[in-house]
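Colleague: Pasting a structure here, questions to come.
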Amino acid sequence: MTHRIGIGHDTHRLETGHVLRLGGIGIPHDRRAVGHSDADVLLHAVTDALLGAAALGDIGELFPDDDPANRGRDSAEMLQLAYRRVQDAGYRLVNLDCIVFAQRPKLGAYKKGIQARLAEILETAPEAIGVKAKTGELVGPVGREEAIAAECVALLERVGA
Ligand code: MG
């Protein structure tokens, strides 16, 4: 099998704050995501997409939320460790396609920065990273700004194939 596809999804609760961690960058905002690690919902979805494509489990298995070592942990570091597992299994990333679901802030101005940061974390080209954003149309947990969510699809290819 030369190519494998994976999907990742994550949701985090929002509360009053000053900086929203998203895609490895800090976005000035009046809400922040709550979680055991740094609560970067997009990096968590990307991590699960990569692990899933290689059938290597999920982020909760690699980095249990009852392990104090993971408290406040940098999600970029977790993503790099997960991708190293994927590479050790003989695969490399072809491309990612991601969607962030957030009512606010407007993410248009941040998409290029997130794309660049994801490319940096994964040591790949920005052209391999798709970043899209949707609001919650003012309904549901996303629309009411109670939650932020992200989805990611990842394609891997076997190295040397
Ligand atoms: Mg998460």
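Taken together, the values in this text are just the output of simple stated rules run on the coordinates, not laboratory data. Just so it is clear, the model here is predicted, and its values are computed rather than measured. When we count neighbours, we look across all protein chains shown, and the Cβ atoms used for this are built from the backbone with ideal geometry, even at glycine.
Colleague: Taking R0 as 35 Å, what's the FRET efficiency between Ala69 and Leu138 from their Cβ-Cβ distance, rounded to 0.05?
Modeller: With R0 = 35 Å, the Cβ-Cβ based efficiency is 0.35.
Colleague: Using the alpha-carbon centroid of each, what span in Å lies between segment 2-29 and segment 70-96?
Modeller: 15
Colleague: Against the globular-protein guess of 2.2 N^0.38 Å, express the Cα radius of gyration of the chain as a ratio, rounded to two decimals.
Modeller: 1.00
Colleague: If you don't mind, another one. Have a look at Ser37, Tyr110, Leu50 and report the one farthest towards the positive end of the charge dipole of the chain, computed about the Cα centre with Cβ charges (Lys/Arg +1, Asp/Glu -1).
Modeller: Tyr110
Colleague: Over segment 24-161, what is the percentage of antiparallel beta bridges among all DSSP beta bridges, to the nearest 5?
Modeller: 60
Colleague: Determine ³J(HN,Hα), in whole Hz, for all residues of segment 60-74 in sequence, where each value follows from phi through the Karplus function 6.51 cos²θ - 1.76 cosθ + 1.60 and θ = phi - 60°; x replaces Gly and Pro.
Modeller: Each residue of segment 60-74 in turn: x, 6, 6, 10, x, 7, 9, 9, x, 5, 9, 5, x, 5, 5 Hz.
Colleague: Also: In the neighborhood of Ala39, defined by Cβ-to-Cβ distances under 13 Å, what is the net charge if each Lys or Arg adds +1 and each Asp or Glu adds -1?
Modeller: Summing Lys/Arg as +1 and Asp/Glu as -1 gives 0.
Colleague: Further, regarding this structure: In debye, nearest 20, what is the charge dipole magnitude of the chain about its Cα centre with +1 on Lys and Arg Cβ and -1 on Asp and Glu Cβ, if you could check?
Modeller: 480
Colleague: Among the trypsin sites (Lys or Arg not before Pro) in segment 76-106, which ones are in a DSSP loop with at most 13 other Cβ atoms within 10 Å of the Cβ? Mind listing them?
Modeller: Listed in order of number, the matching sites are Lys106.
Colleague: Per the helix-only calculation at 222 nm, which mean residue ellipticity applies to the chain, given -39500 (n - 2.57) for every DSSP H run of n ≥ 4 and division by its residues, nearest 500 deg cm²/dmol?
Modeller: -8500 deg cm²/dmol
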